[in-house]
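Take a look at the structure below.
The values are calculated or read from the model by the stated rules, or taken from the named source; none is laboratory data. Remember, predicted model here, so these are calculated numbers, not experimental data. Because the Cβ atoms are built from the backbone with ideal geometry, glycine has one as well, and the counts that use them run over all protein chains shown.
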Amino acid sequence: RSNSASTCPVLTKFQKDCDTPTPYLRNVANAIADDMRAGLAVEGGGDLDMILTYVDALPSGNEEGLFYALDLGGTNFRVRSVQLGGKKKRVIATESEQISIPQKLMIGTSEELFGFIAAKLASFVAKEKPGRFQLEEGRKREIGFTFSFPVKQTSIDSGTLIKWTKGFKVSGMEGKNVVACLNEAMEAHGLDMRVSALVNDGVGTLAGARYSDEDVMIGVILGTGTNACYVEQKHAIPKLQSKSSSGTTIINTEWGGFSKVLPQTIFDQEMDANSPNRGEHVVEFYPFFNNIYVFLFLFLQLFTVCVWMKLYEKMISGMYLGEIVRRVLLQMCETSDLFGQFVPVKLSTPFELRTEHLCKMQEDTTDDLQTVGSVLYNILEVEANLNARRRVVEVCDTVVKRGGRLAGAGIVAILEKIEEETKRMGSGKRTVVAMDGALYEKYPQYRQYMQDALVELLGDKLSHIAIKHTKDVSGLGAALLAATNSIY
Ligand code: ADP
């Protein structure tokens, strides 16, 4: 243990390792764009999956009629009805309801889960006020279904579940068409509804934002996790096996999977080694671990690292920023007496320090950093002197600066890809990025660092670009996509 209070080698090294000067960011943006191209060329060509969403038509504003959105992606599901009135009347009426899913259904059978959802949908529809919501005669109620689990999409209205995540383990579902499961359940409940569009929340955000601004070309989510979707020209997608190569389609980049050329520190590596997605796979392969399979095991380990690292997501999204700070602080405690001789027990608990806490500490403008002191006291149960508080803020700032700047580099990569194909900025058109997620919404420093990166990388071109915060439009977007993909 060093007793030095004035220098902290751990912090100095960490700051150096996290540094992202402009040329470095340029490199990252170029590498992301390269992997976008590689992923568009062949399946698995690059770190970014570049998934075809089968959403070719975005809302125009002319949509009319009654449509629904159903959002299943966590412990709650949300249902929304939207009465659309075309260009003039726009959204005439909308109603929504959030329903929590009983724990036992998350680990039950698919009939139980979808039966529950269908029953709740039926009662939602039954409560509809006939004056405000009107279904055109002879039509079924059509749904835009946002299903936030890994899915292999096969058309606009079908996709098979790859695996459950987020605490769900519903039996008999993997490899099955999730839309068919829901359609069957609705039929069994005598509910005259059908899914017209299966979408993810990035696509929903893009569609919802596009409804009120035709220049929206990108949808970015920065919340617990992160993702980006954008409008791509079909001719720029070699892996698209469709005869027509004209027009556009939405690509779901799954950019969180990007893992090259990033400023990785020892703390990122340790966090990754302990992350649930990595662990899950290691556990799955353990039964094979014996002498004969040593080689295979090591190969699979390497494969797992390559596939599951998702380093970009772990550097830029809300779930992880607090955890990186916690790991750095712990090492500072153990090597440089950050809080005197005391190592707070709470500092050894993974994910105890959350991104919201970092934000609160960074917003502290008092001379003696009172809020920082009280967050450290309440969350980590430690009394920190002013020097320690300052250092904690420096660690937060380092992590958030790297995160915001890297997120900016990703946005630049997509903007430049779009520009390469369309030359829209060149012709004076604006390009709008629709942003959603609490990290973007509630963390001003993060937003500022992201903006700095855009300024540094785009210079004058930034005058053609608008970054727009579009809160919670993904439900509206899903309902609109049900309309644009209506069978009628
Ligand atoms: P999700 O991405 O899970 O759909 P949100 O968009 O609400 O949901 O994002 C939640 C995440 O945003 C949290 O995990 C947290 O990391 C981050 N977050 C929430 N509130 C704040 C805040 N006040 N300051 C900074 N980050 C926040």
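Observations, loosely collected:
- Which listed residue is at pLDDT 85 or above, within 17 Å of His357 (Cβ to Cβ), of a type outside the set (Asp, Glu) and surrounded by fewer than 23 Cβ atoms within 10 Å (Cβ to Cβ), from Leu321, Leu338, Leu330: Leu330
- If you check Ala118, Ala93 for being of a type in the set (A, V, I, L, M), part of a helix (DSSP H, G or I) and at pLDDT 95 or above, only one passes: Ala118.
- Within region 220-232, residues that are over 11 Å from Ile250 (Cβ atoms) and in a strand (DSSP E or B) have Cβ atoms under 7 Å from residues that are among the aliphatic types (A, V, I, L, M) and within 8 Å of the ligand (Cβ to nearest atom) in these pairs: Leu222/Leu439; Asn227/Ile221, counting only partners at least 6 apart in sequence or on another chain.
- When Ala209, Ala236 are checked against the criterion of being more than 16 Å from the ligand (Cβ to nearest atom), among the aliphatic types (A, V, I, L, M) and over 29 Å from Gly115 (Cβ atoms), Ala236 stands alone in meeting it.
- In the set (1) within 16 Å of the ligand (Cβ to nearest atom); (2) touching a residue at least 40 places away in the same chain (Cβ under 8 Å), Glu421 fails one condition alone, (1).
- Residues of region 363-374 satisfying the condition of being away from the ligand (no atom under 14 Å from the Cβ) and crowded, with 16+ Cβ neighbours inside 10 Å: Leu369, Val372, Gly373
- When Ser463 is tested against (1) surrounded by 15 or more Cβ atoms within 10 Å (Cβ to Cβ); (2) more than 14 Å from the ligand (Cβ to nearest atom), only condition (1) is not met.
- Residues within region 343-362 that are within 16 Å of the ligand (Cβ to nearest atom) and either β-branched (Val, Ile, Thr) or in a loop (DSSP other than H, G, I, E, B) (or both), tallied: 6
- Qualifying residues in region 37-91 (those that are surrounded by fewer than 19 Cβ atoms within 10 Å (Cβ to Cβ) and among the polar types (S, T, N, Q)) - the one nearest to Gly219 (Cα to Cα): Ser60
- When Tyr312, Tyr320 are screened for being of a type in the set (Ser, Thr, Tyr) and within 14 Å of the ligand (Cβ to nearest atom), only Tyr320 passes.
- Evaluating Ser148 against the criteria (1) at pLDDT 90 or above; (2) surrounded by fewer than 21 Cβ atoms within 10 Å (Cβ to Cβ); (3) under 23 Å from Thr484 (Cβ atoms) leaves one unmet condition, (1).
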